[in-house]
Amino acid sequence: ILANVVLSFYLVAFWVSHMMAKKAMGPVQESFLRQREFVADASHELRTPLSVLHTSLEVLELEEEEKLTDYSRQVIDDMKDEVKRMTNLVGDLLTLARMDSGKADVILTQLDIGPFAEQIVRSIQPVAAQKGIQVNAQLLPSLQVVGDAEKLKQLFYILLENAIKYTPENGKITIVLETRDKRWQLRVKDSGIGIQPEDKQKIFERFFRVEKHRSRQMGGTGLGLSIARWIVSAHKGEILVKSKYGKGSEFIVTIPLSLKEATTG
Ligand code: ADP
């Protein structure tokens, strides 16, 4: 029964993703807006059953522990992984739907991005350590910028998690935070699998993954970089990638230090 439930959620999510991926072609803007609203509502509504499903699986695992065979335990663990993946997907879809419909509030405040970056880097260290990846951070200890703290945090996590995901064991990641003229710059460099020249632009598109199967296994949704691009443009900045296929990649984000510079270019 639970497998059926997961499958049905999968189908709904697939359908929602499909609608998101479709380009708005129709001449009637109103119907386009309605579609966006629908995606936002559907993603939102899917969150509750997913969290119920996750809790039910945890309870099942705990309460029936004695009776479960190794096989059943494995099935429950696989289901938990899938529910987690779907929860991430639904979360990303909701974020994108809000961005599309202009409902994603960008709350700009003055913030010191130095300690903020350091805390994020510290929090990903254990994940990198699990793969034997060395993290080298060169961060300005203090840097006053104007930005949306939540969204910038999301941006940092997307780039850092990708660097870890796409770098094989015992690799190296370098994170640099510095100022350049009236801008600040974040550079995330990895010694990972790299990106082919023809894919460099495509990776910022929704649901694009270089190796679909492999990326899926790694828990990706294929939406991270499109969200990253949106966050950067909401801060009037730029994001680009340099890469040598098979050797590694570097994602470079450049954002104006203050709103004034942003509006005057
Ligand atoms: P995903 O959830 O699949 O990681 P993203 O939108 O974050 O989705 O990235 C899109 C694709 O870009 C990935 O599936 C991967 O193929 C490629 N990619 C992203 N970051 C890196 C990186 N640091 N090194 C190599 N490839 C990357």
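Computed from the coordinates by the stated procedures, all read-outs in this text should not be read as laboratory data. Note that the coordinates shown come from a computational prediction; the quantities given were computed from them, not determined experimentally. Cβ sites come from the backbone with ideal geometry, for glycine too, and all protein chains shown count toward neighbours.
In loop segments of segment 139-209 as defined by DSSP, the GluC sites (Glu not before Pro) with at most 15 further C-beta atoms inside 10 Å of their C-beta are Glu169, Glu205. Across segment 58-118, Cα-Cα pairs more than 18 Å apart make up 64 percent of the total.
Straight-line cross-link partners of Lys202 among the aspartates and glutamates, defined as a Cα under 15 Å from its Cα and at least 8 positions apart when in the same chain: Glu211.
Near the amide H of Ala104, within less than 5 Å, lie the amide hydrogens of Met99, all on another chain or at least 5 residues away, with H placed in the peptide plane. Summing charges over all other residues whose Cβ lies under 14 Å from the Cβ of Lys151, with Lys and Arg as +1 and Asp and Glu as -1, gives +1. For segment 180-249, which trypsin sites (Lys or Arg not before Pro) are in a loop by DSSP, counting at most 13 other Cβ atoms within 10 Å? Answer in residue order: Lys182, Lys247. For segment 135-256, the extents of the C-alpha atoms along the principal axes are 40, 29, 24 Å, listed from largest to smallest.
Quick check: Cα centre of segment 184-251 to Cα centre of segment 130-151, how many Å? Segment 184-251 and segment 130-151 have Cα centres spaced 17 Å from each other. Of the cross-linked pairs Lys84/Lys153; Lys200/Lys236; Lys103/Lys165; Lys151/Lys212, those separated by over 23 Å at the C-alpha level are Lys103/Lys165; Lys151/Lys212.
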